[in-house]
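To keep things clear, I will list the structure first and then write my remarks on it.
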Number of protein chains: 2
Amino acid sequence: MNNAYNYNLSANTQLTQKSVNRCFNGEQHYYTHQSAATKTPMTFSIYLPDEALAGQLCPAILYLSGLTCDADNVTHKAHFQQRCSELGMIFIAPDTSPRSSEENTVPNDERYFVGQGASYYVDATCTPWSEHFNMQSYMVDELYDLLRSEFTISSIGIMGHSMGGHGALLLGFKFPSKFVSVSALSPVCAASESAWGQAAYTEYFGDDKAQWAQADAAQMIESVGQQYTSILVDQGAADNFLAEGQLQTPKLQQACEKAKQPLTLRYQAGHDHSYYFIQTVINDHIEHHWRMANLN
Amino acid sequence: MNNAYNYNLSANTQLTQKSVNRCFNGEQHYYTHQSAATKTPMTFSIYLPDEALAGQLCPAILYLSGLTCDADNVTHKAHFQQRCSELGMIFIAPDTSPRSSEENTVPNDERYFVGQGASYYVDATCTPWSEHFNMQSYMVDELYDLLRSEFTISSIGIMGHSMGGHGALLLGFKFPSKFVSVSALSPVCAASESAWGQAAYTEYFGDDKAQWAQADAAQMIESVGQQYTSILVDQGAADNFLAEGQLQTPKLQQACEKAKQPLTLRYQAGHDHSYYFIQTVINDHIEHHWRMANLN
């Protein structure tokens, strides 16, 4: 490990540093900690530009990944480090769910869109999920507070991809006092109207449609109204999940219209759902969050 | 697959297209083909900017990866696509060795620095390696000709990382009529003086030190003299393999001085041997090859 700055965690830190790699003018770190919300160890990556390593306050992006991913996919494949280095932004990539470990057995499902790798960033209320699948609380309370206490963060914007795009839209509008900006890449826009989301919410919430409504991004936006100066969403026009109806992108547009929430929605010709698409547009998202952070 | 341009291979093509993903203003393709040099199927990735997809001649970079890698690592983690899209450059990433498949059993070694994933881009002369491990012929003859016949390539520069950096320096100076530019990231600079290279060359060439000399980058540069306007090499100053003596970077500097070969050698503070380092400097290398291609 080559930690040029010997970044100092707090004296009573809950974090264990797993790796440090210099990248552009900053460092890519990985940490693990024992989560009270999920009752499991959780891992996240954090990119710290030199300004943050030197103790200056920097705006941060909390990035929620999509189905099947963990912290590695976006950290290895999205190429956020260069622009974050240039602008002096922190970029945090948590895992997508609790997972089984030596200490814990966490429930799972053979379908890739339910269970481990597929938390939807909600607090499940049905057994067996409710014991560990409390990723809403993990994100907006536990990890949120931990990040603000251990790193020099001036403000946090939230973004995500696919299932994580739904999480970013949902949590951004459900907890607008926590976040200064919202954006999404190829998001599931209305989980309760997507076959993926329906399968997951049936497990996590049963038949209680009031809970489904509280966990649906488009319904949340429509019910709370405008919260941000603008939000940015990019969608590949050749994304097979768009054609299959998993993403329900028009529902987001309708919700934002009803909420009078300014939305920049861009359909990108020829692009699919992959990290090749994510890396194509991520700099625009980093710049969106940077501009919004500087409005505050 | 979203092949907006329906790129046309030749009528009698040996290539099988495995995937297409749009990325920036271009497409990331993967191909396989049956290699005569290695007597195995071989896989490579190729990034084609829209200019190439539309049939215009573009300069290309042939990128040789390091130990343990295949075509995926650099394609997923190095983030060359953005600058190649901006400049209109083609980027080709072959595998690092022949590999066992359904049709073939290729020799291997339990050491990660010998055998599959560790060809050193030479033609082995000792059994059992000589049957398949002919990666020099594969790169400079077979794949080279195949690329020029199937894609609209105006010129080819060669670069690589670690073991692949050695391959780029070696092949660039051994076959200067084939390449218009050379650069390397964290290269092994003198395989015959690195413990990794000694182990591999003992297997591939036995005790014949004349063959070792013909497969040593620093000795090759010294023996053939200046071939390029300049070459660019980046090295992480905190790279543990540098400290261990695997890279022998001063030997490259000495060889270039003796050869009167202009060398820009940059030690980058705090950086290690990883893809986090590669992505930090790869744009400078793409621009180097672009400038050299435009000199010709």
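The values are calculated or read from the model by the stated rules, or taken from the named source; none is laboratory data. Here the structure is a predicted model, which is why all the values come from computation and not from measurement. Positions of Cβ are backbone-derived with ideal geometry, glycine not excepted, and every protein chain shown enters the neighbour counts. To get the accessible areas, we keep the full protein, side chains included, count just its heavy atoms, and leave off ligands, DNA and RNA. Shrake-Rupley method; radii C 1.70, N 1.55, O 1.52, S 1.80 Å.
Before moving on, here are some points about what is shown:
- Residue list for region A:279-291, filter: open to solvent by less than 60 Å² (accessible area, probe 1.4 Å) and away from chain B (no Cβ under 14 Å): A:HIS285, A:GLU287, A:HIS288, A:HIS289
- Residue within region A:11-18 that is closer than 22 Å to A:PHE179 by Cα and not acidic (Asp, Glu) present: no
- Within region B:35-47, residues that are over 12 Å from B:LEU143 (Cβ atoms) have Cβ atoms under 7 Å from residues that are open to solvent by 50 Å² or more (accessible area, probe 1.4 Å) in these pairs: B:LYS39/B:GLU131; B:THR40/B:ARG99; B:PRO41/B:GLN34, counting only partners at least 6 apart in sequence or on another chain.
- Within region B:222-243, residues that are within 14 Å of chain A (Cβ to nearest Cβ) sit with their Cβ atoms under 6 Å from residues that are open to solvent by 10 Å² or more (accessible area, probe 1.4 Å) and of a type in the set (Asp, Glu), at 6+ positions apart or across chains, in these pairs: B:GLY236/B:ASP272; B:ALA238/B:ASP272; B:ASP239/B:ASP272.
- For region A:22-73, a residue qualifies if it is closer than 18 Å to A:GLY167 by Cα and of a type in the set (A, V, I, L, M), and the qualifying residues are A:ALA37, A:MET42, A:ALA60, A:ILE61, A:LEU62, A:LEU64, A:LEU67, A:ALA71.
- Close pairs (7 angstrom Cβ cut-off, 6 or more residues apart or separate chains): more than 13 Å from A:SER183 (Cα to Cα) in region A:253-282, of a type outside the set (A, V, I, L, M) and modelled with pLDDT under 95 anywhere: A:GLY270/B:ASN2; A:ASP272/B:ASN2
- B:GLY88 vs. criteria crowded, with 24+ Cβ neighbours inside 10 Å and out of contact with any Phe, Trp or Tyr (no Cβ under 8 Å at 6 or more places or on another chain): no
- Across region B:190-217, the number of residues qualifying as free of Cβ contacts under 8 Å to residues at least 40 places away in the same chain and under 19 Å from the mean Cα position of the chain (by Cα) comes to 1.
- Failed item in (1) buried (at least 21 other Cβ atoms within 10 Å of the Cβ); (2) closer than 28 Å to B:ASP70 by Cβ, with B:ALA255 passing the rest: (2)
- Selection count, region A:87-122, where residues are within 30 Å of A:CYS58 (Cα to Cα) and hydroxyl-bearing (Ser, Thr, Tyr): 5
- Count of region A:44-83 residues, restricted to those that are among the β-branched types (Val, Ile, Thr), open to solvent by less than 50 Å² (accessible area, probe 1.4 Å) and more than 10 Å from chain B (Cβ to nearest Cβ), is 3.
- Those residues of region A:131-149 which are closer than 15 Å to A:VAL180 by Cβ and either in contact with an Asp or Glu (Cβ under 6 Å, 6 or more places away or on another chain) or surrounded by 19 or more Cβ atoms within 10 Å (Cβ to Cβ) (or both), in sequence order: A:VAL140, A:TYR144, A:LEU147
- Within the set A:ASN12, A:ASN21, the sole residue that is under 30 Å from A:SER130 (Cα atoms), open to solvent by 20 Å² or more (accessible area, probe 1.4 Å) and either away from chain B (no Cβ under 12 Å) or out of contact with any His (no Cβ under 6 Å at 6 or more places or on another chain) (or both) turns out to be A:ASN12.
- Residue ranges of helices (runs of 4 or more DSSP H) in region B:150-242 with at least 1 members open to solvent by less than 10 Å² (accessible area, probe 1.4 Å): B:163-174, B:195-205, B:217-224
- Total residues in region B:97-130 satisfying the condition of being open to solvent by 60 Å² or more (accessible area, probe 1.4 Å) and among the acidic types (Asp, Glu): the figure is 3.
- Single unsatisfied condition, A:PRO94 versus (1) surrounded by fewer than 23 Cβ atoms within 10 Å (Cβ to Cβ); (2) at negative phi: (1)
- Whichever residue in region B:260-278 is part of a helix (DSSP H, G or I) and open to solvent by 10 Å² or more (accessible area, probe 1.4 Å) and, among such residues, is farthest from the other protein chains (Cβ to nearest Cβ): B:TYR275
- Test result for A:ASN294, open to solvent by 30 Å² or more (accessible area, probe 1.4 Å) and closer than 26 Å to A:GLU110 by Cα: no
- Residue match in region A:29-38 (condition: buried (at least 21 other Cβ atoms within 10 Å of the Cβ), at pLDDT 95 or above, within 14 Å of chain B (Cβ to nearest Cβ) and closer than 26 Å to A:LEU87 by Cα): yes
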